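J.: Pasting in a structure now, in structure tokens, and then I'll have a few things to ask.
The values are calculated or read from the model by the stated rules, or taken from the named source; none is laboratory data. What you see is a predicted model, and the numbers here were worked out from it, not measured in a lab. Neighbour counts are summed over all protein chains in view; Cβ atoms, including those assigned to glycine, are modelled from backbone coordinates with ideal geometry. Side chains are part of the model used for accessible areas, which takes the heavy atoms of the whole protein and leaves out ligands, DNA and RNA. Shrake-Rupley method; radii C 1.70, N 1.55, O 1.52, S 1.80 Å.
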Amino acid sequence: MTEKIIIAGFGGQGVLFTGQLLAYAGMMEGKHVSWIPSYGAEMRGGTAHCAVTIADEEISSPLVEEPGTVFVFNLPSLLKFAPRLKPGGMLLINSSLVKQEVKRNDLRIYSVPANQIAEKIKSAQLANLVMLGAYLKLTGVVSFHSVAASLEKTLPARRRHLLPYNRQALEEGMRLFGEPN
Amino acid sequence: MANTLFVRPETLTPDPFHYCPGCGHGIIHRLVAEVIDELGVRETTIGVASVGCSVLAYKYFNFDMQQAAHGRAPAVATGIKRVLPDRVVFTYQGDGDLASIGLAEIVHAAARGEKITVIFVNNANYGMTGGQMAPTTLPGQKTTTSPAGRSVDQAGYPIRVSEMLATLDGPAYIARVSIHNPPQIFKAKKAIRKAFETQLRGTGFTLVEVLSSCPTNWGMKPAEAFSWLEKNMLPYFPLGEYKAASGVSQDD
Amino acid sequence: MKILMKGNEAIGEAAVLAGCRYFFGYPITPQTELLEYLSRRLPEAGGVFLQAESEIAAINMVYGAAGAGARVMTSSSGPGLSLKQEGISFLAAAELPCVIVNVMRGGPGLGGIQPSQADYFQATRGGGHGDYRLPVLAPACVQEMVDLTVRAFTLADQYRTPVMILADGLLGQMMEPVELPAAPVNELPAKPWATTGCKGRQKNIINTLYLNPEELEAVNQRLQEKFAAITKKEARAEEYLVENADIIVVAFGIVARIAKEAVKVAHAQGIRAGLVRPVTLWPFPEKILAAAAARAKAVLTVEMNAGQMIEDVRLAVGNERVHFYGRMGGMVPTSKAILEQIRKIGGIVRGKYAVRPA
Ligand SMILES: Cc1ncc(C[n+]2csc(CCOP(=O)(O)OP(=O)(O)O)c2C)c(N)n1
């Protein structure tokens with residue numbers, strides 16, 4: 001198994017952190033992981049993104065040239081990364097913010113009203129975790145438990161009091177596609 | 001001069017100085033050596049030689065020495081002092097080294113209050129490379145790169161290092177002294193001693209600017225050179241203590 | 001236990017575990033996380049972090065601290081490394097051990113802040129004035145940022161030389177799991193030559209001035225002997241699928257990993273491709289490369305520059321079979337593009353040499 005994921009949005013939407021969380025969870029499960037922030041020509045164009053690789057075997061190239069999964073948190077990210085998804089890839093759209101139709105019909109597309117759900121829990125800042133929850137349920141690449149444990153390790157001290165909300169956001173994301181576990 | 005009047009301090013090696021007749025470096029080396037002997041810190045002192053006529057200072061001082069790149073002695077001394085905070089660390093620099101190529105290093109070492117001592121020899125020109133204009137060359141002074149005399153229109157004005165550094169909060173002791181006659185040499189030694197004592201107390205950066213002569217490049221006899229210094233350099237570079245932290249008495 | 005770390009931070013932590021307690025540096029992207037990390041970490045470890053007024057000051061502080069016997073490090077990128085070169089020459093001449101990190105960015109001039117390998121020549125040819133070289137280690141993953149940093153300090157002390165870690169902005173910024181050394185270095189090798197105060201011994205002098213040419217030639221000879229010993233003993237490379245390879249790809253650092261992916265895919269497509277990744281750039285692992293390429297029909301060098309390591313590759317295997325692919329200015333080659341080069345070269349040499357199916 002080699003999962004190549006791009007998580008893209010505006011700066012401040014927690015895209016880099018979401019990727020780190022995923023990488024951390026993969027590491028806790030003994031998988032090979034890498035995390036790369038935007039680099040090269042990718043830096044331009046109003047998006048922040050990171051590329052995560054999770055694999056059972058050693059990762060040769062940590063670049064994500066042809067993602068199997070893309071999370072999009074804003075329109076520029078959709079326009080930039082949807083065309084790059086490999087055929088049959090998974091596109092997770094934060095439908096609270098991105099309304100545009102996707103032209104490709106060779107993708108598995110999931111709309112997640114992440115901001116709406118997040119606001120109900122506490123604040124739109126949790127939208128990234130709702131998206132991550134959805135991804136966990138849909139793929140099982142890493143388990144909810146690993147992500148929850150990673151959260152405990154990686155949340156900065158000043159955000160620790162938000163831990164229960166973070167977990168809840170993950171669970172609500174999962175609930176969209178089945179039972180949270 | 002002073003060389004022949006006293007016995008050799010323990011802190012000077014028997015190597016004969018290579019300096020020109022009447023050059024101030026020999027006198028100033030001896031003053032530093034005497035102070036280190038008197039303070040009994042020879043075995044815990046690390047000196048930093050700079051690039052200029054005094055580049056070979058590591059041969060003459062009988063304690064551990066490092067030789068630094070041109071202008072960088074204060075940075076090298078910073079590295080040493082941060083590793084060995086209980087040792088006595090000093091630099092010995094000329095005016096080209098300190099006030100031209102190494103200006104950033106001296107200003108920042110002073111601003112950081114680096115607990116080192118700087119012996120700054122101002123001889124109003126670049127001695128080693130053959131008497132070119134220095135940042136301390138006086139207006140109208142002839143050098144090999146200001147043959148018609150330093151034009152302030154073209155080359156600007158000399159830098160008064162002591163005054164400039166004294167505006168900073170990091171220095172604990174800054175004084176300008178001269179060696180153009182024996183009473184001044186005596187005062188110069190006192191200032192150098194104060195600077196090292198201040199370093200030993202650990203209260204901040206210390207610097208003694210020593211006005212010195214360069215008869216060879218100035219094209220004068222040694223005695224003429226001292227008179228020239230007194231007449232021309234003293235008015236532009238007034239002697240005195242520019243900074244003395246509490247616990248250090250003002251010069252008498 | 002593994003932890004997830006950024007490359008720049010991994011170098012910092014590894015340095016501390018290797019017994020480095022002094023760091024002098026100046027901010028420049030993309031290595032700044034290293035400064036930031038050590039500004040927290042070194043005081044904790046009883047060491048000193050000092051932000052110098054410039055890269056020039058920083059390298060000369062390293063000179064002072066190394067001369068005082070400490071394990072010491074500095075880091076920078078592109079323009080900062082140019083400023084450090086006079087100091088590095090002095091360090092090499094005075095035989096002072098220290099570690100210098102270059103997290104490369106695109107140049108020339110102010111260039112950009114994106115990853116690059118454009119400082120290969122500067123790093124591997126000494127960089128400053130005078131006849132000298134210094135060991136240059138090129139990590140390709142965050143774990144190697146750790147391992148090679150520890151190694152760099154060992155080599156520095158063993159040979160009394162500055163050692164450079166040559167990384168790039170991508171390696172510096174990426175995160176991967178790392179295993180930190182279990183036992184931190186607490187005891188440093190004795191340095192009887194250091195200037196620590198002459199109590200109970202003759203005075204020590206750290207100096208690079210030799211006005212007598214006979215003496216200076218002798219000093220140079222001694223240095224050259226040391227460089228020859230390092231060349232003989234310390235060259236390292238990683239090899240991948242080189243046995244029976246028709247095409248050998250040569251790349252270092254992050255590019256080698258991207259190339260590895262291309263080599264893997266090429267193999268799956270029936271092209272016998274292999275990879276040699278120099279881990280030491282100086283000394284260049286020319287024997288390893290020459291042996292790996294002995295039966296290959298083509299050698300493809302891939303770099304993030306206009307072609308610098310290729311000169312060392314040619315020295316190792318001859319001009320004839322060597323091809324080049326590079327990106328510049330912060331552009332990162334993709335594995336697809338490298339694969340395309342491999343296929344193209346496969347096509348060229350097929351007529352001439354008959355490339356066999358894997
Ligand atoms: C980078 C660099 N530039 C120039 C020189 C050449 N150089 C050697 S000594 C010197 C002038 C030193 O003058 P000063 O500091 O006034 O000391 P003095 O010789 O007068 O005692 C110069 C320019 C050098 N060694 N290194």
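J.: Provide a list, ordered by number, of residues in region C:63-94 showing at least 20 Å² less accessible area with every protein chain present than when their chain is taken on its own, using a 1.4 Å probe.
T.: Those are C:Y63, C:G64, C:A68, C:E86, C:F90, which lose 20 Å² or more relative to the chain on its own.
J.: Modelling each spin label as a point 7 Å along the Cα-to-Cβ direction, I'd like the B:E10/A:A148 distance in nm, to one decimal.
T.: About 7.3 nm, to one decimal.
J.: In addition: Along each of its three principal axes, how wide is the spread of alpha-carbon positions in region A:2-175, in whole angstrom units, largest first?
T.: 39, 38, 28 Å, listed from the longest principal axis down.
J.: Also, quick follow-up: Just the number, please: Stokes-Einstein D of region C:217-273 in µm²/s, Kirkwood Rh from C-alpha pairs, 4 °C, 1.567 mPa s. Let's see the in-between values first.
T.: Values: Rh = 13.8 Å.
For the chosen part, D equals 94 µm²/s.
J.: Taking only the Cα atoms of region B:25-244, how large is their convex hull per residue, in Å³? All intermediate terms of the calculation are to be shown ahead of the outcome.
T.: On the way: hull volume 23.2 nm³, N = 220.
About 105 Å³ per residue, rounded to a whole number.
J.: Okay, helix-only estimate at 222 nm for chain A: each DSSP H run of n ≥ 4 adds -39500 (n - 2.57), divide by all residues, round to 500 deg cm²/dmol; what do you get? Display every interim value, and only then the final one.
T.: On the way: 6 runs with 66 residues, N = 181.
The helix contribution divided over chain A gives -11000 deg cm²/dmol.
J.: Same structure, new question: Per residue of C:188-200, how many C-beta atoms from partner chains lie within 10 Å of its own C-beta, taken as a mean?
T.: Details: counts 0, 0, 0, 0, 0, 0, 6, 14, 7, 13, 9, 5, 1.
Per residue, the number of nearby Cβ atoms from other chains is 4 on average.
J.: Under a Cβ-only charge scheme (Lys and Arg +1, Asp and Glu -1), can you give me the dipole magnitude of the protein assembly as shown about the Cα centre, in debye to the nearest 20?
T.: Numbers: 80 positive and 71 negative charges, 240 e Å.
So the magnitude is around 1160 debye.
J.: List the aspartates and glutamates whose Cα sits under 17 Å from the Cα of A:K120, skipping any in the same chain fewer than 8 residues away.
T.: Cross-link targets: A:E171, A:E172.
J.: Using alpha carbons only, how many degrees (0 to 90, rounded to 10) separate the axis of helix C:78-94 from the longest principal axis of chain C?
T.: Tilt relative to chain C: about 60 degrees.
J.: If you don't mind, there's one more thing I want to ask. How large is the accessible surface per residue of chain A, computed with a 1.4 Å probe and reported in Å² as a whole number?
T.: Values: 7560 Å² over 181 residues.
It amounts to 42 Å² per residue over chain A.
J.: So what is the 222 nm mean residue ellipticity for chain C from helices alone, if each DSSP H run of at least 4 adds -39500 (n - 2.57) and you divide by all residues, rounding to the nearest 500 deg cm²/dmol?
T.: Working: 12 runs with 155 residues, N = 358.
Per the formula, -13500 deg cm²/dmol.
J.: Amide H neighbours of B:N123 under 5 Å, at least 5 residues apart or on other chains, H built in the peptide plane: list them.
T.: B:D95, B:S212
J.: Quick check: at a probe of 1.4 Å, how many percent of the accessible area of chain A sits on carbon and sulfur atoms?
T.: Working: 3800 of 7560 Å².
Of all accessible area on chain A, carbon and sulfur atoms account for 50 percent.
J.: Still on this model: For region C:240-252, in order, what is each residue's ³J(HN,Hα) by Karplus, 6.51 cos²θ - 1.76 cosθ + 1.60 with θ = phi - 60°, in whole Hz (x at glycine and Pro)?
T.: 9, 6, 7, 4, 6, 6, 8, 10, 9, 8, 10, 7, 10
J.: Restricting to chain C, what percent of DSSP beta bridges are antiparallel, rounded to 5?
T.: That works out to approximately 30 percent antiparallel.
J.: Are there residues in region C:35-58 whose accessible area shrinks by at least 30 Å² when all protein chains are included rather than the chain by itself, and which are they (probe 1.4 Å, ligands and nucleic acids not counted)?
T.: Buried by 30 Å² or more upon assembly, which counts only protein chains, are C:V48, C:L50, C:E53, C:I56.
J.: Sequence-distant or interchain residues sharing an amide H contact under 5 Å with C:V332, placed H: which?
T.: The list, which skips near neighbours in sequence, is A:A41.
J.: Pop out the carbon and sulfur fraction of the accessible area of chain C as a percent, whole number, probe 1.4 Å.
T.: Working: 6880 of 13090 Å².
Answer for chain C is 53 percent, counting heavy atoms of protein chains only.
J.: For a 28 Å ceiling on Cα separation, which of these pairs sit above it: C:K191/C:K233; B:K187/C:K84; A:K4/C:K2?
T.: Table pairs above 28 Å Cα-Cα are B:K187/C:K84.
J.: Something else now. What number comes out for accessible area per residue over region C:155-205 if the probe is 1.4 Å? Units Å², please. Show your work: numbers first, answer last.
T.: Numbers: 2170 Å² over 51 residues.
It amounts to 43 Å² per residue over region C:155-205.
J.: In whole Å and largest first, what semi-axes does the C-alpha gyration tensor of region A:55-157 yield when each eigenvalue is scaled by 5 and square-rooted? Mind showing how you got there, number by number?
T.: On the way: eigenvalues 103, 86, 27 Å².
For region A:55-157, the ellipsoid semi-axes come out as 23, 21, 12 Å.
J.: Now for a separate question. Per-residue mean of other chain beta-carbon atoms within 10 angstrom of the beta-carbon, peptide A:17-30?
T.: Values: counts 0, 0, 1, 3, 1, 0, 4, 4, 1, 2, 7, 3, 0, 2.
Going residue by residue through A:17-30 and averaging, the value is 2.
J.: When chain C is treated as a GNM, springs tying every alpha-carbon pair under 10 Å, which of C:E33, C:E234, C:E144 comes out with the largest mean-square fluctuation?
T.: C:E234
J.: Here is a further query. Once you have the alpha carbon radius of gyration of the protein assembly as shown, what is it after dividing by 2.2 N^0.38 Å, with N set to its residue count?
T.: On the way: Rg = 31.3 Å, N = 791, 2.2 N^0.38 = 27.8 Å.
That ratio works out to 1.13.
J.: Quick one: with all protein chains in place, what share of the accessible area of chain B is carbon or sulfur, to the nearest percent (1.4 Å probe)? Don't jump to the answer; show the numbers that get you there.
T.: Details: 5250 of 9260 Å².
Roughly 57 percent of what the probe reaches on chain B is carbon or sulfur.
J.: Based on alpha-carbon centroids, what's the gap between region C:79-140 and region B:201-220 in Å, whole number please?
T.: A separation of 36 Å, based on Cα centres.
J.: Follow-up question, since we're still on this one. Over region C:237-352, with the other protein chains present, what is the accessible area per residue in square angstrom, probe 1.4 angstrom?
T.: Numbers: 4420 Å² over 116 residues.
Roughly 38 Å² per residue, with all protein chains present.
J.: Separate question: From the cross-link list A:K86/C:K344; A:K103/C:K264; B:K115/C:K226, which pairs have alpha carbons spaced over 26 Å apart?
T.: Details: A:K86/C:K344 24 Å; A:K103/C:K264 33 Å; B:K115/C:K226 37 Å.
Exceeds cut-off: A:K103/C:K264; B:K115/C:K226.
J.: Given the options B:K81, B:K231, B:K142, state which has the largest fluctuation in a GNM of chain B using a 10 Å cut-off (strictly under) for Cα springs.
T.: Greatest mean-square fluctuation among the candidates belongs to B:K231.
J.: Identify all aspartates and glutamates with a Cα-Cα distance to B:K221 below 16 Å; exclude those on the same chain that are fewer than 8 residues away in sequence.
T.: Qualifying aspartates and glutamates at Cα under 16 Å: B:E230.
J.: Let me know the Kirkwood hydrodynamic radius for region C:201-329, please, with Cα pairs as the basis and the value in Å to one decimal.
T.: Details: mean 1/r = 0.0606 Å⁻¹.
When all Cα pairs of region C:201-329 are included, the Kirkwood radius is 16.5 Å.
J.: For B:K243, give me every one of the aspartates and glutamates with a C-alpha distance below 18 angstrom, ignoring sequence neighbours fewer than eight places off in its own chain.
T.: B:E114, B:E163, B:D169, B:E197, B:E209, B:D251, B:D252
J.: Leaving out ligands, DNA and RNA, calculate the buried accessible area for the pair A and C with a 1.4 Å probe, summed over both sides, in Å² to the nearest 100.
T.: Values: alone 8530 and 15310 Å², together 21970 Å².
Interface between A and C: roughly 1900 Å².
J.: Once Rh for chain C is found with the Kirkwood sum over Cα pairs, what is the Stokes-Einstein diffusion coefficient at 20 °C and 1.002 mPa s, in µm²/s?
T.: Working: Rh = 20.9 Å.
Result for D is 102 µm²/s.
J.: Interface B/C, total buried accessible area with a 1.4 Å probe, nearest 100 Å²? The partial results should precede the final answer.
T.: Working: alone 10580 and 15310 Å², together 23250 Å².
Buried area between the two chains comes out at roughly 2600 Å².
J.: Going by a 1.4 Å probe on protein heavy atoms, which residues of region A:44-74 end up with at least 40 Å² less accessible surface in the whole assembly than in their chain alone?
T.: Buried on complex formation: A:S60, A:S61, A:P62, A:L63, A:E65.
J.: Measuring from centroid to centroid over Cα atoms, what is the spacing of region B:127-153 and region A:127-177 in Å?
T.: After rounding, the separation between the Cα centres reads 72 Å.
J.: In a GNM of chain B with a 10 Å cut-off on Cα contacts, which of B:D169, B:D15, B:D97 has the highest mean-square fluctuation?
T.: It is B:D15.
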